[in-house]
Amino acid sequence: MFVRPYMIKVMVYRYSFFIAILLNFSSVNAQFDTIMGYHIDTQVSFSVTPVAYNATVTADSTSSFIGSFPGASNLPAIPPTTNVFPGSSFSKPARADLFFNLNDYPVRTAVKIVFYYEGIARRCSGILTGPNTVLTAAHCTYDWINKKWGANNKVYDSILVYPAFDKSLANPNFGKSKVRNIYVFKKFQDASAWEDISVLELIEPLGQVAGWVGLAFNSNDLFFQNKVFHKLSYPAAPSVSNPSEIYNGDTLYYNYGLIDLPQTLGITNASGIQGQSGSSMFYQNAAANCHTFGVFNFSTNYNHYRIKANSFYQLKNLLENYATNVNDETNINDRMTMYPNPATGFVFIESPESGKLQIFNATGNLILEENLNEGKNSVPIHNFTAGIYIARFTTFVGLIKTFRFVKMN
């Protein structure tokens with residue numbers, strides 16, 4: 001098998017990185033990690049203050065959302081027996097349209113990501129995790145060798161995201177969006193821990209239509225036994241294990257089955273493909289709720305960065321309290337605000353224009369709809385159950401502003 005020189009450099013660095021982490025595990029594990037952000041247009045970096053969490057909690061998740069577009073698929077619940085990696089019960093990638101209608105949830109939450117720098121395009125995979133957020137791998141978004149928000153010692157000019165992209169075409173039902181902000185863990189930047197996970201904050205609220213999967217973690221390795229997990233991705237190079245299998249990143253692929261390496265959500269003797277980086281390993285439960293437990297980051301044994309408690313709660317804080325306002329470039333200006341967040345009895349909305357307010361729960365059901373006046377409006381939410389809600393305000397001239405807020409008891 002031919003191994004490119006840059007791959008050798010990365011592999012040596014990465015394995016030495018893992019050894020360093022193991023030697024210092026106790027001190028690394030005890031610290032909260034700061035998330036670093038980067039605004040692409042202004043090239044300004046900023047930080048997200050870490051939050052404390054209850055270390056005794058062994059499992060948690062954020063809400064998934066089916067989206068406003070009709071259609072949903074139940075994913076296979078029985079492990080595959082054909083087209084599998086050697087000695088495994090996990091299938092090799094096959095065209096997703098052979099299994100599903102690509103317009104169905106959760107298939108449509110898979111995104112192709114294209115990174116641009118100096119006329120060059122780089123591709124990775126990802127998945128929608130909120131109305132305007134995508135989860136992917138940090139090594140796709142940040143050059144940890146050269147310490148730049150880019151790749152190959154270059155800074156990204158722009159990033160585009162396409163849900164349910166297939167056969168070289170953007171899906172007209174879900175459109176595309178530029179990325180406003182990139183987020184990675186500071187320890188990944190510093191090369192002090194392999195926190196290979198990243199969030200992209202979108203300008204357009206693609207998740208409102210396409211839906212999104214939740215984030216999840218479970219500290220018990222036994223949870224991952226005998227469960228069928230799923231992967232949607234955009235492989236973009238010849239397969240390492242079989243060079244006759246050629247992929248070019250223009251088509252959505254699907255594979256699924258049982259994992260046998262719970263620490264990395266991996267499959268023994270399986271090999272990933274360039275372009276699959278950032279794709280999620282996710283699970284659909286009996287209620288058809290979908291949650292990602294990690295993102296693909298290393299070819300050998302199909303390794304993933306598995307979300308643990310610390311990273312989960314920092315990412316949850318990011319999704320709920322920072323990457324919340326969408327489409328500011330084309331919507332109402334910043335004079336429109338909603339507060340408090342979290343809220344209990346009321347939310348207050350101040351708007352420079354009158355319009356219609358719609359509030360949806362985490363499963364996409366319309367909970368409240370009413371007209372608001374210009375100025376300050378109070379909206380009662382006493383009867384709402386605790387959870388995450390999406391507030392969508394449309395002015396009478398068609399401008400839209402979307403907020404995400406948390407209702408607490």
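The values are calculated or read from the model by the stated rules, or taken from the named source; none is laboratory data. No experiment lies behind these values; they were computed from the predicted model shown. Note: ideal-geometry Cβ built from the backbone for every residue, glycine included; neighbour counts use all protein chains shown.
Only one residue in ILE197, ILE203 is modelled with pLDDT under 95, β-branched (Val, Ile, Thr) and surrounded by 17 or more Cβ atoms within 10 Å (Cβ to Cβ). Which one?
Details: ILE197 fails: modelled with pLDDT under 95.
After applying the criteria, what remains is ILE203.
Among the candidates TYR283, TYR254, which residue alone is within 15 Å of VAL84 (Cβ to Cβ), in a strand (DSSP E or B) and not aliphatic (A, V, I, L, M)? Quick ask: steps written out before the conclusion?
Numbers: TYR283 fails: within 15 Å of VAL84 (Cβ to Cβ).
Exactly one residue qualifies, and that residue is TYR254.
Looking only at residues of the range 386-409 that are within 11 Å of THR344 (Cα to Cα) and either free of Cβ contacts under 8 Å to residues at least 24 places away in the same chain or hydrophobic (A, V, I, L, M, F, W, C) (or both), we find that the one that is surrounded by the fewest Cβ atoms within 10 Å (Cβ to Cβ) is ALA386. Among the residues making up the range 98-127, those that are over 23 Å from ILE259 (Cα atoms) and outside any strand (DSSP E or B) are ASN101, LEU102, ASN103, ASP104, ARG108, GLU118, GLY119. Condition first: within 19 Å of PRO106 (Cα to Cα) and either hydrophobic (A, V, I, L, M, F, W, C) or surrounded by fewer than 16 Cβ atoms within 10 Å (Cβ to Cβ) (or both). Now tell me which residues in the range 223-249 satisfy that. Result: LYS227, VAL228, PHE229, LEU232. Residue count for the range 128-143, restricted to those that are touching a Cys at 6+ places or on another chain (Cβ under 9 Å), assigned to a strand (DSSP E or B) and of a type outside the set (Ser, Thr, Tyr): 0. Within the option set TYR142, TYR116, being modelled with pLDDT of 95 or more and surrounded by fewer than 24 Cβ atoms within 10 Å (Cβ to Cβ) holds for one residue only, TYR116. Consider the range 291-318 and keep the residues that are surrounded by fewer than 24 Cβ atoms within 10 Å (Cβ to Cβ) and farther than 23 Å from GLY37 by Cα. The one that is nearest to the chain's Cα centre (by Cα) is HIS291.
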